[in-house]
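The values are calculated or read from the model by the stated rules, or taken from the named source; none is laboratory data. Since the model is a prediction, treat every value here as computed from it, not as a measurement. Ideal geometry is used to build each Cβ from the backbone, glycine not excepted, and the neighbour counts take in all protein chains shown. Note: accessible area is taken over every heavy atom of the protein model, side chains too, but ligands, DNA and RNA are not part of it. Shrake-Rupley method; radii C 1.70, N 1.55, O 1.52, S 1.80 Å.
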Amino acid sequence: MSIDSDQARQSVDLAVVGMTCSSCASRIERKLNKMDGVSASVNYATETARVQFADGITVDDLLKTVHDTGYEAIPPAPPPLPSADPTEAYDDRSAAEILGDAEVADLRQRFWGSFALAVPVLLISMIPPLQFPNWQWLCFALASPVVFWGAWPFHKAALKSLRHGTATMDTLISVGCLAAYLWSAWALFFGGAGFPGYSMTESLLPSFEIDAQSSAMPDVYLEVAAAVPVFILAGRWFEARAKRQSGAALRALMHMGAKDVAVLRGGVETRIPIGQLLVGDRFVVRPGERIATDGFVVEGTSAVDESMLTGESVPVEVAPGADVTGATINADGRLVVEATRIGADTRLAQIAKLVTDAQSGKAPVQRLADRISAVFVPIVMLISLATLIGWLVLGS
């Protein structure tokens, strides 16, 4: 958490759990911005909320607002000490990362299980030569686990949104899936579509002749109820995996720094954790070791591999007085370096901060998409309701 001294406003980044689409981010952002003295930007892609708030508002107030909206936010860890390891500043989201990994595993399991069940349903329903006596009952048995187990995350999110009086993309997925399944169940049990010789009146192969008795029966849409969750689960799985991979890249960048350092104090070389290093300390960097933090060379000459910063594969020669950067590698000679910046002030920490800020920000097109998503779902629901009423009024 940081404080803007010019405007006397505090700023905090929260990890938000439970968002499933851009409309979720828009809802949270609107709720937070309705609070007096709060300015928030919620990014669905990075699952974070960057919030600026005035005095008199606490982080707990922000967490409660997010909770009341139907989601959960993970507060940041306490600010690290000035001498702390800069990588520790990013450990406050470890809980969110753990939840994200669990989400990826759950989506992968649901996708493959649903895929194995949905493919036979889709093929049998859409290709009449594959339809055998009572095929519709087999499809009903295969589609049921997909609808109630595979699509459960969508139903759960839709119910949560309903309790808060809103609708999201999960609402559309849940309603569409259940509508197709429940109509098919009615057609099988009560509409006459359950007799052994039943065939679909529409298929991928329309040239096949359809039994006259079958054509008078209501159609079943089990392939829709099974296929839609599979496609959405695939998208959610790929999306969640991409988020985890981008977060892993940032963590890998931060963990490139040294974990301990051989510091010279009172003429004695002592190896200590990097978090105990202070500005002005002199430390030894042996050949092959990473330079612990930003500083300048006091003794020794060597070549330093700065490819992690510059991308240049040729090491840079350094001598007494030359500046060096933390996390770069000392190639050959022994160096004694005096620390000038530590913790969040180092160049590596600043690079990570810029990357995080870029991920947390929103492009204009993304803000436009968020505004559209806020009204898209209600409009689709209204059109669907109007269509139903129209068919009922016309006697169909």
Margin query: Need one number for the range 290-396: average projected area of the convex hull over its C-alpha atoms, nm².
Written below: 11.4 nm²
Notebook entry, point to check: Label point 7 Å out from Asp68 along Cα-to-Cβ: which residues of the range 12-50 have amide N under 17 Å?
Noted result: 27-40
Next item on the list: Would you kindly state how much longer the chain becomes between Ala234 and Ala319 on full extension, computed as 0.36 nm times their sequence separation minus their alpha carbon distance, in nm to one decimal?
Entry: 25.1 nm
Notebook entry, point to check: Tally Lys and Arg at +1 and Asp and Glu at -1 over the other residues with C-beta under 11 Å from the C-beta of Ser313: what net charge comes out?
Noted result: -3
Notebook entry, point to check: Can you give the extra length, in nm with one decimal, that the chain gains between Val393 and His255 once fully stretched, where that is 0.36 nm per residue apart less the Cα-Cα distance?
Noted result: 43.1 nm
Next item on the list: Compute, for Val220, the solvent-accessible surface of its heavy atoms (probe 1.4 Å) with the complete set of protein chains present, and express it in square angstrom to the nearest 10.
Entry: 0 Å²
Checklist line | Under the Debye formula (equal points on every Cα, no solvent term), log10 I(q)/I(0) of the range 276-350 at q = 0.22, 0.25 Å⁻¹ | finding: -0.91, -1.16
Item checked: Residues in the range 305-337 reached by a label modelled at Ala358 [backbone nitrogen below 20 Å; 7 Å Cα→Cβ] -> 306-313, 326-328
Checklist line | Dipole axis of the range 263-334 (+1 Lys, Arg; -1 Asp, Glu on Cβ), positive-most option in Gly326, Ser302, Gln276 | finding: Gln276
Next item on the list: Would you mind computing the Rg to Rh ratio of the range 157-197 from its alpha-carbon coordinates, Kirkwood style for Rh?
Entry: 1.24
Next item on the list: In debye, nearest 20, what is the charge dipole magnitude of the range 209-344 about its Cα centre with +1 on Lys and Arg Cβ and -1 on Asp and Glu Cβ, if you could check?
Entry: 660 debye
Notebook entry, point to check: Taking R0 as 41 Å, what's the FRET efficiency between Glu312 and Val279 from their Cβ-Cβ distance, rounded to 0.05?
Noted result: 0.90
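How far, in nm, would the chain grow between Asp106 and Val268 when pulled straight, counting 0.36 nm per residue and subtracting the alpha carbon separation? Please report the intermediate quantities before stating the final value.
Values: separation 162, 0.36 × 162 = 58.32 nm, distance 5.31 nm.
Between Asp106 and Val268, full extension yields an extra 53.0 nm.
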Next item on the list: Run the quick spin-label model on Met126 and Val380: label points 7 Å from Cα toward the beta carbon, then report their separation in nm to one decimal.
Entry: 1.9 nm
Margin query: For a quick check of understanding: with a 1.4 angstrom probe and all protein chains in place, what accessible area in square angstrom does Phe231 have, to the nearest ten?
Written below: 150 Å²
